[in-house]
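Values quoted throughout were computed directly from the atomic coordinates according to the rules given, and no laboratory measurement underlies them. Just so it is clear, the structure is predicted and the values come from calculations on it, not from any experiment. Backbone-built Cβ (ideal geometry, glycine too); neighbour counts: all protein chains shown.
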Amino acid sequence: MSLRRHPDFLRLWAGETISQVGTQVTLLAVPLIAITLLEASTLQVGLLTAAETLPFLLVGLPAGAIVDRLRRRPVMIAADVGRAVALATVPVAYAFDVLTMAQLYVVVLVVGVQTVFFDVAYQSYLPALVDRDDLVEGNAKLEISRSGAQVAGPGLGGGLVGWVGASAAIWLDAASFLVSALALLGIRTPEATPGRESDAAGAPIRLRTRIVEGVRYVWRHPWLRPLACSTATFNLFGTMSYSIVLVFAVRELDVSVGRLGLVVAAGNLGFVAGAALTRRITARLGVGRTIWMSGLVSGLGPWLLGLATPATATVLLVAGFAIGSAGIPAYNINQVSLRQAITPARLQGRMHATMRFVVWGTMPLGGVLGGTLGSLIGLRPTLLVAAAGTTLAFLWVRLSPVARLVEMPPGSSSDGEEPDGTRPGVGGVVGPMAGPLGSVDEGVLGLGVDDHLDVR
């Protein structure tokens, strides 16, 4: 059955689409609040970017083990409501003239924690909502929605920021999370409560043991490990770029807020094109080649951001965002579907949490590095260093067994055994960089305002 006739998937899809539009507004509005209203320094803006993703390091691994013990839909609803409440405090504080950088740090941390739980539950929930054969279609539709949001969101955000102010624009994102929660409430497909796992003696398995099992599963898997390493590397350097590119555009290229929103929106058309062509590209190249080649394409975009001048700002920023975002959908759709297909149901939450911990865990470091290097050596040199890192990130996958995959492999058995030819420990990663890889949620930045590998 086509997912277009799957009412519960349509509810999930509609809620996530609206939420993504709101999120795109906030991704532009929050740093602009810091830059224009609170006059934050380059380092402070970098730290704000780091705070957005720090929760993936702090609670990423426990979140996976906790989610595997719970029904996923209630976790997602609670996370949506929590994010809406946290974001709403920003315009309220600004209205009473008490908004500070400290509050922005706290808000993005709280929202980040809620996002960790939502994303882990969300990726683990999709395989329970749709048939395994529909995973690629489901992920593709969700990714297309995200790509559309990336085009409409920044333009809408830039217009709202210019019209009602950056602080008031955040109300839209808060409202979008509430809409997502309502859509999830309408889903009728029953979800089984996960059974309690016990050890040989019949005692409940400890949280630490469950976390270690998820980490071991990812690290020993010859397909998951190189994916983790590649995405983490890309996200480290991509976040370096993202943490300062808005500062660079506003303060050195003299790009206005309204124009910046339109530039990002136009650049993100590359994301839409990539999402629309993903199926054709995958059919022509195969799963493995699509993953590493799309990662290579996305890694080239940040070079144009660092080479932009006031005279060429519009052209090079749009081109940089477009090239950088074009490969993201094909990468994310294929690698997320691969992860979901090969992982046993009982390990889905922990696998996604481990991947998120690794691939998003490098992002706080990227934000700090971007802000620090931007202050020490300048914004343009830092953007070029980040571009070099994103360009080389694809090598983790290119030099791994993933590169040889032509079709999506058969699913894993329920007890955690890998499909034939994927025994843990076989096919180590060989690459020039240290560090591990994952939405879109999986997907990182340095390209568009929310372009990253393994966004989910």
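Values for this structure:
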{"read-out": "Distant alpha-carbon pairs in the range 207-259 (separation over 18 angstrom), percent", "value": "58 percent"}
{"read-out": "Per-q log10 I(q)/I(0), the range 1-123, q = 0.12 Å⁻¹ (Debye; single scatterer per alpha-carbon; no solvent)", "value": "-0.52"}
{"read-out": "Peptides 122-132, 31-41 ordered by average Cβ neighbours within 10 Å, highest first", "value": "122-132, 31-41"}
{"read-out": "Over the range 344-383 - Rg/Rh using Cα atoms and the Kirkwood inverse-distance radius", "value": "1.33"}
{"read-out": "Given charges at beta-carbon only (K, R positive; D, E negative), |dipole| of the range 202-297 in Debye", "value": "580 debye"}
{"read-out": "Distance from the range 328-360 to the range 6-49 (C-alpha centre basis), Å", "value": "23 Å"}
